[in-house]
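The values are calculated or read from the model by the stated rules, or taken from the named source; none is laboratory data. Predicted model only: the values in this text are computed from it and were never measured. No Cβ is skipped: glycine too gets one built from the backbone with ideal geometry, and neighbour counts run over all protein chains shown.
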Amino acid sequence: MTDKSKVRIFDIVNSTENEILENWLKLQISSTALRMDLLSERELRQQSAEFLSLFKEATSTGNWDINDSGWSRVLEFLDSISRSRAIRGFTPTETATFIFSLKQSLFTTLQKTSKNGTADLIQDLCDITLLIDSLGLFTTEVYLKSKEEIIVRQQTEMIELSTPVVQLWNGILALPLIGTLDSARTQVVMESLLSRIVETGSNIAIIDITGVPTVDTLVAQHLLKTVAAARLMGADCVISGIRPQIAQTIVHLGVDLSEVTTKATMADAFKHALNLTGAIVKKKQ
Amino acid sequence: MTILKNDMRYIRNSDDIVLIRQVVREWALMIQFSLVDQTKIVTASSELARNAVEYGGGGVLYLQIVSDGIRKGLKLIFEDKGPGIADIGLALKDGYTTGEGMGLGLGGARRLVNEFNIESSVGQGTKITIIRWK
């Protein structure tokens with residue numbers, strides 16, 4: 001990239017800023033990738049004008065590496081645009097089109113104003129392509145990052161939501177486990193179970209594993225630890241929801257669950273728990 | 001033994017273990033394993049994948065659907081470039097562990113499959129091959 005071409009491009013952007021902006025807006029509006037339902041024309045005009053003025057400012061420094069400090073304001077602005085578009089429900093293409101359509105508008109203007117022949121024009125186009133492409137990639141990166149942040153937040157929410165401890169009867173708690181039981185989740189499960197035992201003064205807790213697809217040694221170990229902790233607090237645990245295939249697998253693995261009361265279904269476990277508390281379920285006469 | 005289909009997956013962290021279980025279950029369904037057989041091979045692969053992450057520093061799983069002419073089977077090869085196992089006999093013993101687990105994973109995995117082979121040399125890594133026939 002030659003300095004001459006940088007100066008030339010800056011001059012053109014500087015002198016024909018309005019023309020470039022109008023062209024760019026027209027391209028964005030006519031593009032199928034623009035979501036007019038999610039973004040108003042006024043907002044788009046405002047965003048485009050602000051970006052173009054920041055862009056002009058950054059190109060004036062003569063340094064075209066977007067990681068350079070002269071570009072930090074451009075990147076900050078792009079960052080906020082990409083994030084807001086990701087949240088509003090734009091696709092990555094729709095988000096990146098904001099930048100890529102500027103390329104076309106710049107090309108048109110360059111073509112019109114170029115007087116110095118083909119070699120210069122090719123050089124300019126080349127430089128602009130490199131620059132706009134790196135900015136476009138930046139928007140995509142920010143877009144993906146903000147999506148990832150949403151996923152992480154949802155994961156945390158899911159962990160908290162997916163471990164409800166419910167009271168079935170006076171002194172009887174139930175904890176239906178669903179999904180993969182890894183160390184992080186077990187920690188949450190154990191904590192909420194123990195605190196509910198204290199709150200409700202329960203002495204029997206039913207841990208139901210119907211919704212746990214795989215019980216390997218780590219899951220078994222987590223279960224045994226939870227049972228042991230509950231026992232220390234004076235509550236007995238019953239593990240229910242052991243399906244035939246899980247029972248066979250546990251036996252082959254060599255995991256010893258004989259210390260724990262286990263039942264095939266939650267109903268059996270509840271009946272057992274009622275029995276222990278001395279309650280009787282009877283039909284009305 | 002002919003290979004009818006093969007693929008590979010990386011095992012880098014505990015999130016990958018969940019994906020390994022899913023893909024193994026998918027492959028077990030492909031050759032119509034019964035529910036018990038599915039659960040057995042999925043549990044075995046969960047144990048071996050976790051070992052690869054915890055002791056081998058991550059590894060690779062090669063999945064193969066194989067046939068010996070009469071029956072089909074699922075063959076899984078877990079390979080890591082970790083520190084290796086010094087005493088395989090001891091590692092397979094129930095209740096022995098160098099980590100914090102129950103010490104049942106390796107021995108348990110062997111009991112859950114039809115064929116189990118382990119190659120390991122200290123400093124080179126570990127390769128465990130299991131097959132469950134239909």
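Quick rundown of the values:
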| quantity | calculated |
| --- | --- |
| Only one of A:183, A:146 that is within 21 Å of residue A:232 (Cα to Cα) and under 30 Å from the mean Cα position of the chain (by Cα) | A:183 |
| Qualifying position, being within 14 Å of chain A (Cβ to nearest Cβ), touching a residue at least 40 places away in the same chain (Cβ under 8 Å) and in contact with a Lys or Arg (Cβ under 9 Å, 6 or more places away or on another chain), among B:39, B:43 | B:43 |
| Total residues in region B:7-22, condition farther than 13 Å from residue A:214 by Cβ and out of contact with any Phe, Trp or Tyr (no Cβ under 6 Å at 6 or more places or on another chain) | 9 |
| Failed item in (1) free of Cβ contacts under 8 Å to residues at least 40 places away in the same chain; (2) within 16 Å of residue B:106 (Cβ to Cβ), with residue B:79 passing the rest | (1) |
| Subset of region A:242-262 (residues that are in contact with a helix residue (DSSP H, G or I) (Cβ under 6 Å, 6 or more places away or on another chain) and either in a helix (DSSP H, G or I) or modelled with pLDDT of 95 or more (or both)) | A:245, A:248, A:249, A:252, A:253 |
| Qualifying position, being more than 14 Å from chain B (Cβ to nearest Cβ) and either of a type in the set (Phe, Trp, Tyr) or in contact with a Cys (Cβ under 8 Å, 6 or more places away or on another chain) (or both), among A:197, A:239, A:207 | A:207 |
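A quick yes/no check of all residues on (1) in contact with a helix residue (DSSP H, G or I) (Cβ under 8 Å, 6 or more places away or on another chain); (2) under 20 Å from residue B:43 (Cβ atoms); (3) surrounded by 19 or more Cβ atoms within 10 Å (Cβ to Cβ); (4) among the acidic types (Asp, Glu):
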position: A:212; (1), (2), (3), (4): yes, yes, yes, no
position: A:215; (1), (2), (3), (4): yes, yes, yes, no
position: A:235; (1), (2), (3), (4): yes, no, yes, no
position: A:239; (1), (2), (3), (4): yes, yes, yes, no
position: A:265; (1), (2), (3), (4): no, no, no, no
position: A:277; (1), (2), (3), (4): no, no, no, no
